[in-house]
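*Asks:* One structure, as structure tokens, below. Some questions next.
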């Protein structure tokens with residue numbers, strides 16, 4: 001079964017619904033007046049959905065106080081990649097601590 005065939009997509013729908021229900025449940029558990037970090041929740045929704053549909057793995061982001069280590073590394077990697085796209089190459093080379101963190105995140109989470 002090709003991962004993006006119609007049959008595969010139909011197989012993903014219940015898993016996608018499960019993750020969306022977890023997000024709604026998280027919002028339902030909030031106290032009145034408590035703020036919602038929509039960008040962070042949408043990032044978690046996306047990463048949790050990809051993990052479950054693509055790899056059968058649950059990060060359970062909506063039940064955790066702190067992000068799953070892989071999610072934290074992925075978000076740092078995405079932010080660093082965005083920063084690098086907007087800066088001069090010299091600045092990228094001078095940001096040694098950011099480079100080291102990126103290398104650690106990539107090394108800690110490689111598969112194979």
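*Asks:* Run the simple label-point estimate for residue 30 and residue 100 please: 7 Å along Cα→C-beta, distance reported in nm.
*Replies:* Simple spin-label model gives 3.7 nm for this pair.
*Asks:* Can you show me the helix-derived [θ] at 222 nm for the chain, built from DSSP H runs with n ≥ 4 at -39,500 (n - 2.57) apiece and divided by the number of residues, rounded to the nearest 500.
*Replies:* Details: 5 runs with 78 residues, N = 112.
About -23000 deg cm²/dmol.
*Asks:* What three numbers, in Å, describe the spread of the alpha carbons of the stretch 1-64 along their principal axes, ordered from the longest?
*Replies:* 46, 17, 15
*Asks:* Which angle between 0 and 90 degrees, to the nearest 10, do you get for helix 38-55 versus the longest principal axis of the chain when only C-alpha atoms count?
*Replies:* Helix 38-55 sits roughly 80 degrees off the main axis of the chain.
*Asks:* Could you give the length gained on full extension between residue 12 and residue 50, defined as 0.36 nm per residue of separation minus the Cα-Cα distance, in nm?
*Replies:* Details: separation 38, 0.36 × 38 = 13.68 nm, distance 0.98 nm.
Additional length available on full extension: 12.7 nm.
*Asks:* Here is a follow-up. Give me the one-decimal Kirkwood hydrodynamic radius in Å for the chain, with the sum taken over alpha-carbon pairs. Please list the in-between numbers first.
*Replies:* Values: mean 1/r = 0.0614 Å⁻¹.
Mean inverse Cα-Cα distance, inverted, gives 16.3 Å.
*Asks:* Give the angle, between 0 and 90 degrees and rounded to the nearest 10, that separates the Cα long axis of helix 6-28 from the longest principal axis of the Cα atoms of the chain.
*Replies:* Roughly 90 degrees between the two axes.
*Asks:* Moving on. Can you give the angle from 0 to 90° between the axis of helix 69-86 and the longest principal axis of the chain, with both taken from C-alpha atoms, to the nearest 10?
*Replies:* Computed tilt is about 50 degrees.
*Asks:* Could you calculate the FRET efficiency of residue 86 with residue 37 from 1/(1 + (r/R0)^6), where r is the beta carbon distance between them and R0 is 30 Å, rounded to 0.05? It would help to have the intermediate numbers written out before the result.
*Replies:* Details: r = 23 Å, r/R0 = 0.77.
The value I calculate is 0.85.
Just so you know, all these numbers are worked out from the coordinates, no wet-lab data involved. Small disclaimer: the values here were computed from a predicted structure and weren't measured. A quick note on method: Cβ atoms are made from the backbone with ideal geometry, for glycine too, and the neighbour counts reach across all protein chains shown.
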